Every structure is written in C-alpha cells, then in structure tokens.
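None of the figures in this text is laboratory data; all of them are computed from the coordinates on show. This is a predicted model, so every value here is computed, not measured. Here the Cβ positions follow ideal geometry from the backbone for every residue, glycine too, while neighbour counts run over all protein chains shown.
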Amino acid sequence: MRRSFFLPAAVIASAIILDQLSKAWIRATLDLGESITVLGPLSLTRVANTGSVFGLGQGHIIIPTIGSIIVLALIPIALQYASSHYAYVPDKVETICIALVTGGAIGNLIDRIWLSSVTDFIDIEIARGIHWPMFNIADSCVVAGTIVLVYSILTRGASVAGDTGDE
C-alpha cells in the first residue's frame with residue numbers, strides 16, 4: 001500500500017511545486033501584460049486569468065473555483081466506483097496521468113483561492129498575430145494527463161474487448 005501511494009503523491013507534489021514556483025518567478029519577474037520572447041513563437045507573458053479554461057468567463061472566478069473543488073472531490077469517488085463496479089485498477093501510466101490532473105487542478109486552485117486569479121504566462125504565437133490562449137504548468141499537467149489517460153483507457157479497453165483468449 002505504501003509503495004503504491006508514493007508514486008502518485010510524488011507526481012502530485014511535483015506538479016504543484018513546479019507550477020507554483022514557475023508562477024512565483026513570473027510574478028516576481030514580469031509586470032502584468034509584460035512579455036519576453038524566449039524562442040521563436042514562444043514568449044512568456046504575464047496575465048491574471050480571472051476566468052476558466054482558455055480565459056473564458058473573465059471576472060467569474062467563483063465558478064471555476066467551485067468546479068475545481070468538485071472535480072478534485074470526484075476523482076477518488078470515480079476511481080472507487082470504477083474499481084468496485086468494473087474491477088478497474090489504473091496501471092502505472094494511468095496513475096501518473098491521474099496524479100498530473102490532480103496536481104494541475106490543485107496548482108490552479110491555489111491561485112484562485114489566494115490571488116483571485118490564475119497566473120498564466122506561456123504564450124505561443126501560432127500564426128502572425130494569432131496566439132494560442134495563454135496557459136501555465138498546471139494547465140499543461142491537466143491537458144497532458146487527460147489526453148494520455150483517455151488514450152490509455154481506450155486502448156486498454158480495446159485490447160481487452162478484442163482479446164478472445166485464442167493464442
């Protein structure tokens with residue numbers, strides 16, 4: 001039990017620490033709206049996101065705050081339900097993904113509670129004058145964790161469903 005708890009706890013802690021340290025550095029280095037070019041289309045631009053994903057709903061911080069708390073509460077409930085009803089046990093990759101999503105959600109929730117906004121700073125210009133919505137390390141953890149988790153579950157499900165037991 002102790003060993004199985006260490007990996008997700010380490011991933012969650014690492015995601016939160018990396019996210020919070022990067023945001024603290026950005027807040028200490030750049031004024032709101034200030035930008036520095038890193039390499040080609042990648043810049044660091046400090047913004048205060050008072051909305052939710054992709055900056056939608058600016059000025060309504062309470063909705064994503066409550067949403068984050070609900071998602072964080074539902075993760076262990078969903079895992080317990082999947083385990084008891086479907087005998088689902090996350091493999092190592094899925095465990096890491098769930099931990100990344102959890103750590104990322106906590107990282108942004110910390111900002112929402114303490115700063116009333118989320119510090120976003122990764123700025124990518126996808127075409128001349130067109131920028132991807134700004135994001136941060138926590139967002140990256142949530143998105144990457146979710147994509148890999150869904151892929152893993154779908155491919156695991158497909159291999160189980162396609163397994164006829166014939167050798």
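Karplus-derived 3J(HN,Hα) values for segment 18-33, using 6.51 cos²θ - 1.76 cosθ + 1.60 with θ = phi - 60°, are 4, 4, 5, 5, 5, 5, 4, 5, 4, 5, 7, 9, 10, 7, 3, x Hz; glycine and proline are entered as x.
Tell me whether segment 51-122 comes out rounded, prolate or oblate; compute the Cα gyration tensor, take square roots of the eigenvalues as a ≥ b ≥ c, and use a/c under 1.5 as the rounded threshold. The shape class here is prolate. Residues ILE147, ILE16 in ascending order of nearby Cβ atoms (within 10 Å, fewest first): ILE147, ILE16.
Between the C-alpha center of segment 122-149 and that of segment 20-96 there is a gap of 11 Å. Based on Cα contacts under 8 Å between residues 6+ apart, the chain shows a relative contact order of 30 percent.
What number, rounded to the nearest 500 deg cm²/dmol, is the helix-based mean residue ellipticity at 222 nm of the chain, given -39500 (n - 2.57) per DSSP H run of at least four residues and division by all its residues?
My calculation for the chain gives -22000 deg cm²/dmol from helical runs alone.
Projecting the Cα atoms of GLN58, TYR86, ASN136 onto the charge dipole of segment 1-142, computed from C-beta unit charges around the Cα centre, puts TYR86 farthest toward the positive end. The long axis of helix 92-115 is offset from the longest Cα principal axis of the chain by roughly 30 degrees.
Positive contributions from Lys and Arg (+1) and negative ones from Asp and Glu (-1), summed over other residues with Cβ under 14 Å from the Cβ of LEU115, come out at +1. Taken over the chain, the alpha-carbon convex hull comes to 166 cubic angstrom per residue.
Shown for ASP91, ASP123: other C-beta atoms within 10 Å of each C-beta, ranked fewest to most, produce the order ASP91, ASP123.
The charge dipole of the chain, taken about its Cα centre with unit charges on the Cβ of Lys, Arg, Asp and Glu (plus for the first two, minus for the last two), comes to roughly 420 debye.
Panel order for THR65, THR102, THR155, by other beta carbons found within 10 Å of each beta carbon, from fewest to most: THR155, THR65, THR102.
Fully extending the segment from LEU115 to ILE70, taken as 0.36 nm per residue of separation minus the present Cα-Cα distance, adds 14.2 nm.
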